[in-house]
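Notes to accompany the following structure.
The values are calculated or read from the model by the stated rules, or taken from the named source; none is laboratory data. Just so it is clear, the model here is predicted, and its values are computed rather than measured. Here Cβ is always computed from backbone atoms with ideal geometry, including for glycine, and neighbour counts include all displayed protein chains. Areas reflect the complete protein model, heavy atoms only, side chains present, ligands, DNA and RNA absent. Shrake-Rupley method; radii C 1.70, N 1.55, O 1.52, S 1.80 Å.
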Amino acid sequence: MIDVPKAESLHDLFSLKGKVVVVTGASGPKGMGIEAARGCAEMGADVVVTYSSRAEGGEKNAKELSEKYGVKSKAYKCNIADYDNVSKFVDDVIKEFGKIDVFIANAGATASSGILDGSVEDWNEVIQVDLNGTFHCAKAVGAHFKECGTGSFVITSSMSGHIANFPQEQTSYNVAKAGCIHLARSLANEWRDFARVNSISPGYIDTGLSDFVDEKTQKLWKSMIPMGRDGMAKELKGAYVYLASDASTYTTGADLVIDGGYTCR
């Protein structure tokens, strides 16, 4: 059973001092991954970040976290689509850091077409990374959480797991993210005796990855958001810190939608 925290003050409940947090997909300069990592480091956690191909970005981010926040931080290469690779990564982190308290499964891939225009390989790639990759992370770290009797697993899903985006066609991505939301709910039940599992579903977040989309489409997106703008990645880090910390010890199986109101229409 997950115990009630001993801390009473909000400051202490949100503190991550003494905890080790892993954030996958955190090699970009302003993405959701690095902002989640920054938030956790700000609250005192030692932070592990991963990259898939951008080694320079991952190393730079780890160095920034260490120097700016005075915590231990290291970047690792990790291919979440390969379970053996993820399993070895988790083992390596535990050897280096001693434990993992929080695992933020943030790494993912986007879709570039619907199912008729895309190939079978296109579909499989998105599902393999976004859904199976998240499962790989959960399976690899779950045994450690069970052994320790504690842990928090946080999945970056998407509002696309709740709705079908328009006008872009991205069925594979939508399906994968819907799967991630239900994976979080199901694991919250499966791991109820030793760990909490939750997901965050962001809306349109300005991370630079959508800069290639034409201006007309971007204006259409914003017209469908009640707040009338994209979110910034830093507007999500409070949510990641909440789910990572003892402030959320009675929160499990939840999906936190942060979308500027998009899904309320």
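Please give the FRET efficiency for residue 219 paired with residue 12, using the beta carbon to beta carbon distance and R0 = 35 Å, rounded to the nearest 0.05.
So, using R0 = 35 Å, E works out to roughly 0.20.
If you plug each phi of the range 234-246 into the Karplus form 6.51 cos²θ - 1.76 cosθ + 1.60 with θ = phi - 60°, what whole-Hz ³J(HN,Hα) values come out, in order, with x for Gly and Pro?
After applying 6.51 cos²θ - 1.76 cosθ + 1.60, I find 5, 6, 9, 5, x, 5, 5, 4, 4, 6, 7, 9, 6 Hz.
Of 120, 170, 73, which is farthest on the positive side of the dipole of the range 67-176, counting Cα position, with +1 on Lys and Arg Cβ, -1 on Asp and Glu Cβ, and the Cα centre as origin?
It is 73.
What angle do you read, to the nearest 10 degrees and between 0 and 90, between the alpha-carbon axis of helix 133-148 and the longest principal axis of the chain?
With both axes taken from Cα atoms, the answer is about 20 degrees.
Rounded to the nearest 10 degrees, what's the angle between the helix 171-190 long axis and the longest principal axis of the chain, both from Cα atoms, 0 to 90?
The two axes meet at around 30 degrees.
In whole Hz and in residue order, list the ³J(HN,Hα) couplings for the range 111-128 that follow from phi through the Karplus curve 6.51 cos²θ - 1.76 cosθ + 1.60, θ = phi - 60°; x for Gly and Pro.
Listing the rounded values in order: 9, 10, 6, x, 6, 7, 7, x, 8, 4, 5, 4, 4, 4, 5, 5, 5, 5 Hz.
If you keep only loop residues by DSSP, which GluC sites (Glu not before Pro) in the range 1-78 have at most 16 other Cβ atoms within 10 Å of their Cβ?
Sparse-neighbourhood loop GluC sites (Glu not before Pro): 8.
Would you mind working out the magnitude of the charge dipole of the chain relative to its Cα centre, with +1 at each Lys and Arg C-beta and -1 at each Asp and Glu C-beta, to the nearest 20 Debye?
Around 520 debye, computed over the chain.
Rounded to the nearest 10 degrees, what's the angle between the helix 55-69 long axis and the longest principal axis of the chain, both from Cα atoms, 0 to 90?
The answer is roughly 50 degrees.
I'd like the carbon and sulfur percentage of the solvent accessible area for the chain, probe radius 1.4 Å, heavy atoms only, ligands and nucleic acids excluded.
52 percent
Per 10 Å bin, what is the whole-percent P(r) computed from every C-alpha pair distance within the chain?
The distribution over the chain is 7, 31, 38, 19, 4, 0, given as percents.
With a ≥ b ≥ c taken as the square roots of the eigenvalues of the C-alpha gyration tensor of the range 113-162, please select rounded if a/c is under 1.5 and otherwise prolate if a/b is larger than b/c or oblate if it is not?
Judged from the Cα gyration tensor, the range 113-162 comes out oblate (a/c at least 1.5, b/c at or above a/b).
Charges at C-beta only: +1 for Lys and Arg, -1 for Asp and Glu. How large is the resulting dipole of the range 3-150 about its Cα centre, in Debye rounded to 20?
Computed about the Cα centre, the dipole is about 520 debye.
Heavy-atom accessible area per residue, the chain, 1.4 Å probe: how many Å²?
49 Å²
Would you mind telling me which residue in 21, 86, 213 has the biggest mean-square fluctuation in a Gaussian network model of the chain, where springs connect alpha carbons within a distance under 10 angstrom?
Top of the fluctuation ranking is 213.
Please state, to two decimals, what the Cα-based radius of gyration of the range 24-72 comes to when divided by 2.2 N^0.38 Å (N = residues).
0.98
In whole Hz, with x marking every Gly and Pro, tabulate ³J(HN,Hα) for the range 218-232 from phi via Karplus 6.51 cos²θ - 1.76 cosθ + 1.60, θ = phi - 60°.
Taking θ as phi minus 60°, the curve returns 5, 5, 5, 3, 5, 5, 9, 9, x, 7, x, 7, 6, x, 9 Hz for the range 218-232.
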